[in-house]
Amino acid sequence: MNKPNFNEARKRTKEKILVLKDEYKVPAEMKEYGKNKKYFLKTYGCQMNEHDSEVISAILEDMSYSKTDNYEDADLIILNTCAIRENAHNKTFGMLGRIKHLKQTKKELMVGLAGCMSQEESVVEEILSKFRWMDFVFGTHNIHKLPEIMLESINKNKLEVDVWSNEGNIFENLPVKRDSKYKAWVNIMYGCDKFCTYCIVPYTRGKQRSRMPEDILNEVKELVNNGYKEVTLLGQNVNAYGKDFEVQNYKMENLLEDVAKTGIERVRFITSHPWDFTDEMIDVIAKYDNVMPYIHLPVQAGSSRILKLMNRRYTKESYIELFNKIKEKVPNASITTDIIVGFPGETEEDFNETLDLVSKCKYDSAYTFIYSPREGTPASKMKDDVTLEEKEQRLYKLNDMINKYSKEANDRLLDKVVPVLIEGVSQKDENLLCGYTDTMKLVNVKAPKEDIGKIINVKITDVKTWSLDGIKDE
Ligand code: 5AD
Ligand code: SF4
């Protein structure tokens with residue numbers, strides 16, 4: 001048994017990062033294990049998890065499993081979990097409660113836990129004490145070991161826990177079953193070394209490791225050859241890409257430019273940290289038409305005092321300066337953000353700074369959250385005397401403002417013609433298609449089904465707060 005250990009996870013060693021290309025294998029006993037069996041994989045949380053689930057799916061299919069969308073039909077259930085806020089935890093434990101009932105009537109059902117919650121000491125302790133009926137737990141660093149972990153659990157007929165806290169390596173050549181035929185996630189780096197004081201990610205995802213440029217570029221070229229139209233370069237803090245390379249001087253701006261040059265029709269990247277956002281990066285975004293004018297730039301708070309307590313390494317003023325610089329050089333850029341309200345000790349005055357910043361930046365949209373203490377992080381030990389009620393009031397007030405600016409940004413698109421990558425049939429109306437603009441706005445479009453998978457021009461005919469309506473512009 002390998003249990004997670006936050007003291008180990010917190011360490012940042014100088015050990016060399018190895019790129020391992022042949023670590024993934026399916027033991028002979030597991031190759032047909034999933035024949036005539038179904039798996040149900042539920043993903044919580046961010047795009048990193050979505051993409052990890054694409055790898056987990058491919059590994060399960062390498063073991064001959066086939067997919068089901070109904071957990072009650074499954075022979076194997078895996079929850080790929082998120083640890084960012086308490087409610088993500090609660091959802092997972094709620095789901096485990098339902099699965100427990102199922103397991104009581106279906107003894108042969110296998111149940112596994114994956115993702116960021118598996119990396120938490122307290123979660124694994126809880127599983128070991130209250131969820132012994134589960135079959136296996138693996139973490140974010142050893143997804144490639146899934147077939148061996150399942151085999152171990154089957155052979156011993158008991159709960160197998162294998163979670164690594166000491167990451168350090170990069171595993172290449174893992175299989176992937178992509179959800180879309182048109183747009184693809186491409187990891188460019190793993191982990192995060194920023195240690196924002198509220199954030200669990202540096203503990204659950206380990207130290208920052210950048211993938212080799214040639215591995216990333218080969219993946220993108222293969223996607224282009226396979227007809228993909230869009231790639232999103234993924235990392236917790238993509239602007240720090242390449243900072244961990246010992247010899248080569250190759251940074252995010254170099255990578256972004258080289259990816260743009262592959263000829264892929266659309267390049268996106270998430271998430272950017274304002275600290276590492278260089279002028280060269282902005283120049284590359286401005287220069288290449290296929291680098292989308294969409295930047296997610298989490299600010300987290302408007303008060304410089306709170307930003308300091310959060311260990312964000314920028315002030316309100318320096319953030320606004322960066323924001324304006326981007327808008328100046330990329331005038332059509334849509335900029336979105338993340339904001340936390342109710343960080344420990346946030347006063348009314350601090351909160352007003354957040355409102356003031358939002359009124360200056362007028363974001364295209366924003367994800368807003370009430371601060372949620374995460375065990376093991378420095379902020380969880382800070383004194384917090386703001387009531388939940390007060391925090392909720394702040395969130396409502398902030399959301400009203402955010403929604404107003406989202407609607408205004410959308411209003412500016414009325415009657416305009418914008419490029420949209422059509423992804424499929426609209427969830428809202430089966431007679432419509434849907435897709436995203438270059439600026440990452442969801443559009444429900446009247447267009448023929450043959451346009452699915454194409455980037456078409458769409459005239460915007462109606463505007464809502466969270467989406468647009470449009471018609472194909474011939
Ligand atoms: N509480 C609330 N929100 C958080 N986030 C990260 N950690 C926490 C936390 N402890 C938010 C940040 C981050 C987004 C992914 O989640 O805004 O950018
Ligand atoms: Fe968390 Fe900060 Fe790293 Fe983002 S940059 S993953 S908020 S520690």
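The packing ranking of peptides 180-189, 345-354, 377-386, highest mean first, is 180-189, 345-354, 377-386, where packing means the average number of other beta carbon atoms within 10 angstrom of each residue.
Whole-Hz Karplus values for the stretch 238-253 come out as 4, 5, 8, 3, x, 5, 8, 6, 7, 9, 6, 9, 9, 10, 4, 5 Hz, taken residue by residue from phi with 6.51 cos²θ - 1.76 cosθ + 1.60 and θ = phi - 60°; glycine and proline positions read x. Scanning residues 5 or more positions from residue 337 or on other chains, those with amide H under 5 Å from its amide H are 297, 365, 366, 367, with H placed 1.01 Å from N in the peptide plane. A Cβ-based charge dipole, computed about the Cα centre of the stretch 405-472 with Lys and Arg at +1 and Asp and Glu at -1, lands at about 80 debye.
In debye to the nearest 20, how big a dipole does the chain give about its Cα centre with +1 on each Lys and Arg Cβ and -1 on each Asp and Glu Cβ?
Values: 71 positive and 77 negative charges, 107 e Å.
It works out to roughly 520 debye.
The orientation-averaged shadow of the Cα convex hull for the stretch 1-47, equal to a quarter of the hull surface, comes to 6.8 nm². Helical runs assigned H by DSSP (4 residues or longer) give the chain a calculated mean residue ellipticity at 222 nm of -10000 deg cm²/dmol, each run adding -39500 (n - 2.57) before division by the residue total.
Sites listed here are GluC sites (Glu not before Pro) in the stretch 169-278 whose DSSP assignment is loop and whose Cβ has at most 14 other Cβ atoms within 10 Å: 246. Positive-end ranking of 94, 445, 44 along the dipole of the chain, with charges on Cβ about the Cα centre, is headed by 94. Accessible surface for the stretch 279-419, divided over its residues, is 46 Å² per residue with a 1.4 Å probe. How large is the translational diffusion coefficient of the chain in µm² per second when you combine the Kirkwood radius over alpha carbon pairs with Stokes-Einstein at 37 °C and 0.692 mPa s? After rounding, the answer is 139 µm²/s.
Residue 428 contributes an accessible area of around 120 Å² to the protein surface, as traced by a 1.4 Å probe with all chains present.
Couplings for the stretch 132-147, taken from phi via the Karplus curve 6.51 cos²θ - 1.76 cosθ + 1.60 with θ = phi - 60°, read 5, 6, 6, 9, 7, 10, 9, x, 7, 9, 9, 4, 5, 8, 3, x Hz in order; Gly and Pro are left as x. The simple spin-label model puts a point 7 Å past each Cα toward its Cβ; for residue 289 and residue 411 those points are separated by 3.2 nm.
For residue 174, the accessible area of its heavy atoms, probed at 1.4 Å with every protein chain present, is near 50 square angstrom.
In sequence order, the stretch 339-352 has phi-based couplings of 9, 10, 10, x, 4, x, x, 5, 8, 4, 4, 4, 4, 4 Hz under the Karplus curve 6.51 cos²θ - 1.76 cosθ + 1.60, θ = phi - 60°, and Gly or Pro positions carry x.
When 465, 13 are compared by accessible surface with a 1.4 Å probe, the order from highest to lowest is 13, 465. A 1.4 Å probe over all protein chains sorts 203, 436 by accessible area into 436, 203, starting with the largest. Site pair residue 243 and residue 369 shows an inter-label distance of 2.0 nm when each label is modelled 7 Å from Cα along Cα→Cβ.
Close amide H contacts of residue 110 (hydrogens built in the peptide plane, cut-off under 5 Å, sequence separation of 5 or more or a different chain): 76, 77. Measuring with a 1.4 angstrom probe and ignoring ligands and nucleic acids, residue 279 comes out at about 70 Å² accessible.
The values are calculated or read from the model by the stated rules, or taken from the named source; none is laboratory data. Values in this document were obtained by computation on a predicted structure and should not be read as measured data. Methodologically, a virtual Cβ is constructed for each residue, glycine included, from the backbone with ideal geometry; neighbour enumeration extends over all protein chains shown. Calculation scope for accessible area: heavy atoms of the full protein, side chains included, ligands and nucleic acids excluded. Shrake-Rupley method; radii C 1.70, N 1.55, O 1.52, S 1.80 Å.
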